[in-house]
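The values are calculated or read from the model by the stated rules, or taken from the named source; none is laboratory data. Note that this is a predicted model, so its numbers are computed, not measured. Note that each Cβ is placed from the backbone with ideal geometry, even for glycine, and that neighbours are counted across all protein chains shown.
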Amino acid sequence: MTVLSIDDVHIGYGRGARRVHAVRGVTFEVAEGRACGVVGESGSGKSSLARAVAGLTRVDAGRITVHGGPPVPRPGPGGVRMVFQDPIRSLNPRRRLLDIVAEPLRIAGTPAAAAREAAGAMMRDVGMDPGDFGPRRPADISGGQAQRIAIARALVAEPSVLVADEPVSGLDISVQAGIVNLLHALTSERATALVFISHDLSVVQTLCDHVVVLHDGRIEEQGEVADVFGRPGTDYTRELVAAAPDF
Ligand SMILES: Nc1ncnc2c1ncn2[C@@H]1O[C@H](COP(=O)(O)OP(=O)(O)OP(=O)(O)O)[C@@H](O)[C@H]1O
């Protein structure tokens, strides 16, 4: 079943001669439990699209819907949550990790004790023992552990869509695979639609079913990952594939 629908979306910044058309008529869909990669060179519009899917950037034209309604950046029906490139900066440095993971549930009105219990279970799901890590603060953990906490916080209130914007780019190579496997396991188990923004084609190939190639804000091509990367249909995609190390 289609969860996320992006229909002829346009996003621009600024006015007049300085106007930048960041996204120009992008259309694609993501079904439940499926992962869609969005790739393209720097400035191709990936982050603008990601933020719009999360309801954080206004769309100038076209429509983004989650289960038929507008995306909302909070828990509940139509909920879309994001994880970002810099996990430590995305976590409140003053709060304990268990409280950080519990916060979306508290916002959604879950009583404190139930929220803490669910947050503890979610921490276990991302491989962080709540007894050990729950009382710690973001400064006490590594980047990979912080990304696990950010993923736990994003998924604890069961959003319909998770948008991950370069979630492993800032991490040590040795911890990247663990985070990618975790994203795959958690989103497919929960039937969460995943939009995965990355410049790393090999990570997209591991994680995603479908891929959308963006070029200057337009879709260059899209399709099943094996087809697009295995038999690129355009010179732009061919160059992206050729430029990818270890590919
Ligand atoms: N807040 C903004 N104000 C003005 N222009 C912006 C803003 N955000 C993005 N842009 C411009 O929109 C275009 C697309 O940027 P965007 O960040 O979406 O691309 P990207 O593919 O995510 O790039 P990167 O990989 O470098 O993050 C670029 O030309 C960028 O300069």
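Here the condition is being more than 16 Å from the ligand (Cβ to nearest atom), out of contact with any Gly (no Cβ under 7 Å at 6 or more places or on another chain) and without any contact (Cβ under 8 Å) to a residue 12 or more places away in the chain; of Pro75, Pro104, Pro111, it holds for Pro111 alone.
Can you name the residue in the range 53-74 that is among the small types (Gly, Ala, Ser) and at pLDDT 95 or above and is also nearest to Val225 (Cα to Cα) among such residues? Among those residues, the one meeting the criterion is Gly62. Within the range 169-191, the set of residues being closer than 20 Å to Glu158 by Cβ and of a type in the set (Ser, Thr, Tyr) comprises Thr187, Ser188.
The residue that is nearest to Val80 (Cα to Cα), among those in the range 106-141 that are basic (Lys, Arg) and either at pLDDT below 95 or assigned to a helix (DSSP H, G or I) (or both), is Arg106. Glu158 meets the stated requirement of being more than 16 Å from the ligand (Cβ to nearest atom) and in a loop (DSSP other than H, G, I, E, B).
Here Val38, Val30, Val23 are screened, and the one residue that is touching a Leu at 6+ places or on another chain (Cβ under 7 Å), farther than 20 Å from Phe229 by Cβ and either aliphatic (A, V, I, L, M) or within 8 Å of the ligand (Cβ to nearest atom) (or both) is Val23.
Looking only at residues in the range 209-247 that are touching a residue at least 40 places away in the same chain (Cβ under 8 Å) and either of a type in the set (Asp, Glu) or assigned to a helix (DSSP H, G or I) (or both), the one that is surrounded by the fewest Cβ atoms within 10 Å (Cβ to Cβ) is Asp246.
Taken together, the residues in the range 161-172 that are part of a loop (DSSP other than H, G, I, E, B), among the aliphatic types (A, V, I, L, M) and closer than 15 Å to Leu201 by Cα amount to 1. Among the residues of the range 41-57, those identified as under 14 Å from the mean Cα position of the chain (by Cα), within 12 Å of the ligand (Cβ to nearest atom) and small (Gly, Ala, Ser) are Ser47, Ser48, Ala50, Ala52. A single member of Gly55, Gly45, Gly37 is in contact with a His (Cβ under 8 Å, 6 or more places away or on another chain), surrounded by 17 or more Cβ atoms within 10 Å (Cβ to Cβ) and not hydroxyl-bearing (Ser, Thr, Tyr), and it is Gly37.
Against the test of being closer than 30 Å to Arg137 by Cα and away from the ligand (no atom under 11 Å from the Cβ), the options Asp86, Asp60 yield a single qualifying residue, Asp86. Being without any contact (Cβ under 8 Å) to a residue 60 or more places away in the chain, of a type outside the set (A, V, I, L, M, F, W, C), under 29 Å from Val3 (Cα atoms) and exposed (fewer than 15 other Cβ atoms within 10 Å of the Cβ) is a description that applies to Pro70. Within the range 74-117, count every residue that is farther than 22 Å from Ala54 by Cβ and surrounded by fewer than 17 Cβ atoms within 10 Å (Cβ to Cβ). Adding up the residues that qualify gives 8.
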